[in-house]
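Enquirer: Take this structure first; my questions come after.
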């Protein structure tokens, strides 16, 4: 039966997948993390479009008819493009920006903060979606170092605490803070410590609930499943399984490797890590 596709630039989307598996435990999932080309946050917008096309096409080829773009950067920059290019009566693509904006407006008395990647912030998409829902003020900050800190597994260190402290300075005065990158939920305790009294929102549970409601309204996009999970990564499969378990909250037994070839992503038996000069 048709699985649900979940796509992210790397490990971070596993926090969204974790919430989805809690809300929809019997849904079969194929997850694609583009960790070999992450991070996306500082990429040119056209590069983000190119990478996202390849990843969505791979998930369609895996039998997915519904894809959730878990990456806030892709959802902010490329979602409309992906929907215009690929969405049909039989295939759909959903994002995380609108659920995040809805949750923020519902929680905020009036001043929303957003901490996200540089590309998500520069897109202005989150503020646009908030403006459709209410007259809230939005203050956005790009946390350029935060995702790499989490990728290194340093979220519990003084380095992480110091970085969060620096980035939240422009956000003092907000009443609600949205963690607009899927890596940032692992830093949530630091944000809460630095901004006492501020509602710190991880959009992942809201995304999962909105997905469940969408599936109730749109039957037939995924089949009845058993909760199986397949993991694909463009990076080192062993490293992805090791680090990804921290984000997903459960052991990842196997990761399949996919790599770029002739403009698309194809399966490879093993990841190739060349040494020295490479000529092709």
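Enquirer: Go through the range 150-160 and count every residue that is without any contact (Cβ under 8 Å) to a residue 24 or more places away in the chain and either on the phi > 0 side of the Ramachandran plot or in a helix (DSSP H, G or I) (or both).
Expert: 2
Enquirer: With more than 26 Å from residue 239 (Cα to Cα), touching a residue at least 60 places away in the same chain (Cβ under 8 Å) and more than 18 Å from the chain's Cα centre (by Cα) as the only criterion, which of 111, 136 stands out?
Expert: None of the others qualify; the one that does is 111.
Enquirer: On to the next question. Just to be sure, is residue 210 modelled with pLDDT of 95 or more, in the same structural domain as residue 34 (by TED's automatic domain parsing), within 23 Å of residue 16 (Cβ to Cβ) and part of a helix (DSSP H, G or I)?
Expert: Yes: the conditions hold for residue 210.
Enquirer: Report yes if residue 111 is modelled with pLDDT of 95 or more, under 23 Å from residue 140 (Cα atoms) and not assigned by TED's automatic domain parsing to the domain that holds residue 241, otherwise no.
Expert: yes
Enquirer: Please go through the range 169-184 and give me each residue that is under 15 Å from residue 144 (Cα atoms) and buried (at least 24 other Cβ atoms within 10 Å of the Cβ), ordered by number.
Expert: Across the range 169-184, the qualifying residues are 179, 180, 181, 182, 183, 184.
Enquirer: Criterion first (outside any strand (DSSP E or B), buried (at least 16 other Cβ atoms within 10 Å of the Cβ) and more than 15 Å from the chain's Cα centre (by Cα)) does residue 127 satisfy it?
Expert: It is true that residue 127 is outside any strand (DSSP E or B), buried (at least 16 other Cβ atoms within 10 Å of the Cβ) and more than 15 Å from the chain's Cα centre (by Cα).
Enquirer: Go through (1) more than 18 Å from residue 204 (Cβ to Cβ); (2) in contact (Cβ under 8 Å) with a residue 60 or more places away in the chain and name the single condition residue 21 misses.
Expert: Condition not satisfied by residue 21: (1).
Enquirer: Okay, next question. Name the residues in the range 219-260 that are out of contact with any strand residue (DSSP E or B) (no Cβ under 8 Å at 6 or more places or on another chain) and surrounded by fewer than 11 Cβ atoms within 10 Å (Cβ to Cβ), would you?
Expert: 219, 220, 224, 226, 251, 253
Enquirer: What number goes with the only condition from (1) closer than 21 Å to residue 23 by Cα; (2) in a helix (DSSP H, G or I); (3) in contact (Cβ under 8 Å) with a residue 12 or more places away in the chain that residue 216 does not pass?
Expert: (3) is the only condition that residue 216 fails.
Enquirer: Please enumerate the residues belonging to the range 28-50 that are crowded, with 24+ Cβ neighbours inside 10 Å and either under 21 Å from residue 219 (Cα atoms) or modelled with pLDDT of 95 or more (or both).
Expert: The answer is 31, 32, 33, 34.
Enquirer: On to the next question. Any idea how many residues of the range 234-249 are free of Cβ contacts under 8 Å to residues at least 40 places away in the same chain and closer than 18 Å to residue 21 by Cα?
Expert: Total satisfying the criteria: 2.
Enquirer: State yes or no: is residue 55 modelled with pLDDT of 95 or more, surrounded by 22 or more Cβ atoms within 10 Å (Cβ to Cβ), assigned to a loop (DSSP other than H, G, I, E, B) and out of contact with any helix residue (DSSP H, G or I) (no Cβ under 8 Å at 6 or more places or on another chain)?
Expert: The answer is no for residue 55.
Enquirer: Residue check: is residue 187 buried (at least 17 other Cβ atoms within 10 Å of the Cβ), closer than 24 Å to residue 7 by Cβ and assigned by TED's automatic domain parsing to the domain that holds residue 48?
Expert: no
Enquirer: Go through the range 77-124 and give me each residue that's more than 22 Å from residue 222 (Cβ to Cβ), outside any helix (DSSP H, G or I) and out of contact with any helix residue (DSSP H, G or I) (no Cβ under 7 Å at 6 or more places or on another chain).
Expert: Those that are more than 22 Å from residue 222 (Cβ to Cβ), outside any helix (DSSP H, G or I) and out of contact with any helix residue (DSSP H, G or I) (no Cβ under 7 Å at 6 or more places or on another chain): 108, 109, 110, 111, 124.
Enquirer: Related question: Please enumerate the residues belonging to the range 162-192 that are at negative phi and over 22 Å from the mean Cα position of the chain (by Cα).
Expert: 162, 165, 166, 169, 170, 171, 172, 174, 175 - these are the residues of the range 162-192 that are at negative phi and over 22 Å from the mean Cα position of the chain (by Cα).
The values are calculated or read from the model by the stated rules, or taken from the named source; none is laboratory data. Just so you know, these numbers come straight off a predicted model, no measurement behind them. Don't worry about glycine lacking a Cβ; one is built from the backbone with ideal geometry, like all the others, and counts go over all protein chains shown.
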